[in-house]
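Remarks on the structure that follows.
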Amino acid sequence: MIGAVPAVFLGINFWTALAAFALAGPWIQAAGRLRCLVQGCCHGRATVDVSGIRYTHPRSRVCRLAQLGGVPVHATPVYSILWNFVVGTALLRLLAVHASGTMICGIYFLLSGAGRFAEEAYRGEPQTAVWCGLHIYQWIAAFTFVLGAVFTVIPSPAMNFFTPLSTGSMLLGIACAAICWFVSGVDFPEASRRFTRLT
């Protein structure tokens, strides 16, 4: 939401800018979850009911923090990737039928919140705080769900992104995609700084 505020000073409707972020969000998060899958962050709890993924690298959080090295754990990053494809597809459909910016934002928050709430039930990071029986991220997901419901009832103009893009817009989009790819997928195997290595 903070990222959409500068758009107002450029003469762009706040809800249009926020809807653009919402439309890109599921795809960016899905790409970022690939690194989570490889690195072992955002990992699931141990499982025997369904096929799990095993981590064996000693620097993986699964081995180092959760002490679950070699134990099958829920592939929660995969669950997130799959759900983000559902969310992204639903939002593209709303865009195709010219839904309002607030509706697109609201549905993004509703679906993302519901998905994260369910996914968090399968996650197993020991450092995640628990409050009143729920992970802190479940409380945040519940808040975003309610926020999404509020957004859907706020009137705003219909969206129409299916217009020819300028060269500058396409170059900016490519640059933003490259930055997201770099942040979520580039590995520095010789580095010992935090978040520089895929394990």
Discussion item. Looking at Cys42 and the list (1) more than 20 Å from Gly113 (Cα to Cα); (2) in contact with a Lys or Arg (Cβ under 9 Å, 6 or more places away or on another chain), which single condition is not satisfied?
Written reply: (1)
Response to the item:
Contact list, first residue from region 7-36 and touching a residue at least 12 places away in the same chain (Cβ under 8 Å) and hydroxyl-bearing (Ser, Thr, Tyr), second anywhere and surrounded by 19 or more Cβ atoms within 10 Å (Cβ to Cβ) and part of a helix (DSSP H, G or I), beta-carbon distance below 9 Å, six or more apart or interchain, is Thr16/Ala4; Thr16/Gly101
Fill in: Ser60, sole failed condition from (1) in contact with a Ser or Thr (Cβ under 8 Å, 6 or more places away or on another chain); (2) among the polar types (S, T, N, Q); (3) closer than 30 Å to Asn13 by Cα
(3)
Discussion item. Can you tell me which condition Tyr137 does not meet? The list is (1) touching a helix residue (DSSP H, G or I) at 6+ places or on another chain (Cβ under 6 Å); (2) crowded, with 19+ Cβ neighbours inside 10 Å, and all the others hold.
Written reply: (2)
Practice prompt. Within region 117-128, identify whether any single residue is assigned to a helix (DSSP H, G or I) and among the β-branched types (Val, Ile, Thr), and answer yes or no.
Written response: no
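Table: residues versus (1) more than 24 Å from Phe188 (Cβ to Cβ); (2) modelled with pLDDT of 90 or more; (3) assigned to a loop (DSSP other than H, G, I, E, B).
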residue	(1), (2), (3)
Ala31	no, no, no
Arg35	no, no, no
His57	no, no, yes
Val86	yes, yes, no
Ala90	yes, yes, no
Phe109	yes, yes, no
Ser112	yes, yes, no
Practice prompt. Would you check which residues across region 59-84 are in contact with a strand residue (DSSP E or B) (Cβ under 9 Å, 6 or more places away or on another chain) and in a helix (DSSP H, G or I) and list them?
Written response: Val62, Thr76, Pro77, Val78, Tyr79
Worksheet item: With Gly101, Gly115, Gly88, Gly124 as the choices, which residue is touching a Pro at 6+ places or on another chain (Cβ under 6 Å) and surrounded by 15 or more Cβ atoms within 10 Å (Cβ to Cβ)?
Response: Gly88
Response to the item:
Residue pairs qualifying under the 8 Å Cβ cut-off, at least six apart or on distinct chains, with the first in region 94-116 being at positive phi and the second being modelled with pLDDT under 95, are His98/Ala158; His98/Met159; His98/Asn160
Worksheet item: Is it true that some residue in region 97-107 is in contact with a strand residue (DSSP E or B) (Cβ under 6 Å, 6 or more places away or on another chain) and of a type outside the set (Lys, Arg)?
Response: yes
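The values are calculated or read from the model by the stated rules, or taken from the named source; none is laboratory data. Keep in mind that what you see is a predicted model, and the values were worked out from it rather than measured. Counting neighbours? That spans all protein chains shown, and the Cβs are built from the backbone with ideal geometry, glycine included.
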